[in-house]
Amino acid sequence: MDGRGTIELVGVFKRFGDGTVAVDGVNLKIADGAYCCLLGPSGCGKTTILRMIAGHETPTEGEILIGGENVVGLEPRRRGTAMMFQNYALFPHLSVRDNIAFALRAQGIERKERYRAADAVIEQVQLTALANRMPNQLSGGQQQRVALARAIVTKPRVLLLDEPLSALDEFLRLQMRSELREMQKRLGITFIHVTHTQLEAVAVAEQVVVMDKGRVEQASSARGIYADPASPYVARFMGGQNVLSGVVRSSGDGRAALTGAGGREFELTGQNRQLAAGSAVNFAVRRDEVVLAKAAAAPALGVNALRARVTMTEYQGTYVKVTLAIDLAPGEMNGADEFVAYVPEADFFAKAIQIGDAVVASWQTGSGRLLTGDANAFPRH
Amino acid sequence: MQTSSDRRPWTFYVLAAVFAVYVLFLYGPMFCIFVLSFQGPQGGLVFPMRGRGIFWFVQLVTQADTGDMIGAITRSIPLALIVMVLTVAVSVSAGLAFREKFRGAGVLFYLVVASLVAPGYVLGIGIGLMFQVFGLSTDWWSSALGAQLSWTLPFGLLIMFAVFGRLSRSYEEAARDMGLTRTATLWLVILPIVLPGIIAVALFGFTLSYDEFARTLQTTGGTNTLPIEIWSMTQNVTSPSIYALGTLTTIFSFVIIGISLSAVALIQRRRTGRLA
């Protein structure tokens, strides 16, 4: 790779004509040939960023560099990007083949060569049998492949995908998801994929950028985002984590001892920040690392343990999602976070956990991760 | 058990009766005229039929005393074609302009729509008066053309609003992404996509002009368009010729509408139904 597909956003800020701030100072670097997902709820600015990279919007402030060159003000065609639109934007009056060949028209490539190149990508996306159909005669998944073929026929260095899977049903979504991933690997170009679906992002992307209110909350690997969220917002948005809070009792040597409401004791390891004693902090505990025991079997409460009551169980196949209501200490208010344990299927049925059971939920010290940032940032649904 | 969904509710029969009356009201008179136009030389203006044949059709084109039908047609059709072309050109351009937001767009829109609301007859008198004030003579190709455009343009614009309102911006952006110039995007992407809408505007432009009476009456000058010629004929001709004329113009209108609708259907079928 020669770095021509590297993307860098420097202090990018976008205010629309009506005064709304869509993107509020974003700095981001996407490696050449990476599969990057911009993830966030609707209105978080992810699509605006995509459209600014494509050249369909102009940032109010900041620079966008593609392959080291500032492209702000350049026409879309001059940027070496291609965009796949959410509704695909296939021209209804042109056949599949003509739609794809059309993309080469403006490049001054002669007709015969255009069709040869179009046929080559049509074969790549396995649409040869449908090459003469009109877009409206195709299924959603087939239309998506045409849109993909039309985008890659111009040999872009960056492919921009705006909610590419949102128009498909669940089954097709999973299939097209892996097809996109395969295509990206085969082409070796940078993909930037905008989505509001957490599982979609972590499934396809090497780099996941979680956004909220025009800002980047966290940019990391898929595993980093899911397993090691940086903020309460990311932990809540990604799911898979319980967000808890406590006051620092002591800290040092990468360990911290916390006291929660009602004198509950928690311990965290692995953070290299020195925490001031007496400061309130948030931390996350992975839901699949929470162990449940019937309360009767665990009379004494140790470190990293809570008493709770089971309020809901949801069978998920390999595990059971158990929602708990924490037994409130005197004077403690019910928090907005729910506490959930993902109990392995066999364990759940061996322990015969029922709704209404009193349980003790506990976890190993290593399962807790310190969070920074706004404790009250909840994803909007 | 007999479920209520097996029987139709009483409202079905009431609405069906209303619909039947409506259809009778709409097509009954037309059918009467159609039938009465095929009478023999003894034919009159009312039933019963006296003889059968195409006598009155022959009469219509050969007899000068039934009015200048051929002349009126040779004015009405070119006028309708001119109105059609201008309506398409202006409505499509204006529709494109309104797609971009510009200052005063709202005011302009209401000004345009106001001419739909203004009473046509009064508008016609006004245009006739203005031509007089400026010392210009009224004629079908000048003052009547303008009067008719005041009627067809708002219609055309409203149709184009509906058409462009459904046209996703992403088509233009996709074309721009491919590096197409704005002109190429217009001719190769936008206009082909909205072609069925353009045909609808053309059809409206043609038929609204071909039919127009109120605005044309005071603006057509010394020579009449077809509706006005028919109207003046009803003032002094009392033979089934007038029914023959009605039959002919109705057939002509149906042919025009049929051609337009087939064109739209053909485009739609090319884009969806047909298997390659």
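The values are calculated or read from the model by the stated rules, or taken from the named source; none is laboratory data. Just so it is clear, the structure is predicted and the values come from calculations on it, not from any experiment. When we count neighbours, we look across all protein chains shown, and the Cβ atoms used for this are built from the backbone with ideal geometry, even at glycine. When the accessible area is computed, the model is the full protein with side chains, heavy atoms only, and any ligands, DNA or RNA have been set aside. Shrake-Rupley method; radii C 1.70, N 1.55, O 1.52, S 1.80 Å.
Results, tabulated for the structure shown:
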item	result
Relative packing of A:194-203, A:156-165, which averages over residues the other C-beta atoms within 10 Å, highest first	A:156-165, A:194-203
Extended-chain gain in nm, criterion 0.36 nm per residue less alpha-carbon gap, A:Glu63 and A:Leu328	90.4 nm
Inter-chain shielding of B:176-186 (mean C-beta neighbours from other protein chains, 10 Å cut-off)	6
Averaged over A:69-78, number of beta-carbon atoms from partner chains that fall within 10 Å	2
Peptide-level mean, for A:91-100, of C-beta atoms on other protein chains within 10 Å	4
Separation between Cα centres of the stretch A:23-85 and the stretch A:221-293, rounded to whole Å	34
Charge dipole (debye, nearest 20) of the protein assembly as shown; +1 at Cβ of Lys and Arg, -1 at Cβ of Asp and Glu	920
Chain A, accessible surface, carbon-and-sulfur percent (1.4 angstrom probe)	49
Under 15 Å, Cβ to Cβ, from B:Thr220 - net charge with Lys/Arg +1 and Asp/Glu -1	-3
Simple label model, 7 Å out from Cα along Cβ direction - A:Asp119 to B:Ser93, nm	4.4
Å² of accessible area per residue within chain A, as computed with a 1.4 Å probe and no ligands counted	44
Cross-link partners of A:Lys185 among lysines (Cα-Cα below 17 Å; sequence separation of 8 or more within a chain)	A:Lys155
Dipole of the protein assembly as shown, positive end: most advanced residue of A:Gly331, A:Ala341, A:Ala305 [Cβ charges, Cα centre]	A:Ala341
GNM flexibility winner over chain B from B:Ala16, B:Ala202, B:Ala263 (Cα, springs under 10 Å)	B:Ala16
Positive-end residue of A:Pro92, A:Ala222, A:Thr195, charge dipole of the stretch A:79-237 with Cβ unit charges	A:Pro92
For chain B: rounded, prolate or oblate by the Cα gyration tensor [a/c cutoff 1.5]	oblate
Length-normalised contact order of chain B in % [C-alpha pairs under 8 Å, at least 6 apart]	30
Chain A, relative contact order [Cα under 8 Å, separation at least 6], %	16
B:Ser253 versus A:Arg15: modelled label distance in nm, points set 7 Å from Cα along the beta carbon direction	5.8
Average accessible area per residue (Å²) across chain B - probe 1.4 Å, nucleic acids and ligands excluded	57
Stretchable slack from B:Leu81 to B:Arg169, in nm (0.36 nm times residue separation minus alpha-carbon distance)	28.5 nm
Reach of A:Lys321 by Cα under 26 Å, taken over lysines that are not fewer than 8 positions away in the same chain	A:Lys294, A:Lys351
Efficiency of FRET from Cβ geometry, B:Arg8 and B:Arg182, R₀ 56 Å, rounded to 0.05	0.50
CD proxy at 222 nm, helix term only [per DSSP H run n ≥ 4: -39500 (n - 2.57); per residue of chain B; nearest 500]	-23500 deg cm²/dmol
Whichever lysines have a C-alpha closer than 18 Å to that of A:Lys46, once near sequence neighbours (fewer than 8 apart) are set aside	A:Lys14, A:Lys29, A:Lys213
Label-point separation in nm, B:Gln59 to A:Asp288, each point 7 Å along Cα→Cβ	9.4
MRE, 222 nm, helices only [DSSP H, n ≥ 4, -39500 (n - 2.57), over chain A, to nearest 500]	-7000 deg cm²/dmol
Relative contact order of the stretch A:7-227, pairs being alpha-carbon contacts under 8 Å that are 6 or more residues apart, as %	30
Tensor-based shape of the stretch B:123-268 (alpha-carbon gyration tensor, a/c under 1.5 rounded, otherwise prolate or oblate)	oblate
Those trypsin sites (Lys or Arg not before Pro) in the stretch B:223-276 that DSSP places in a loop and that have at most 11 other beta carbons within 10 Å	B:Arg274
Of all DSSP beta bridges in the protein assembly as shown, antiparallel share, percent nearest 5	80
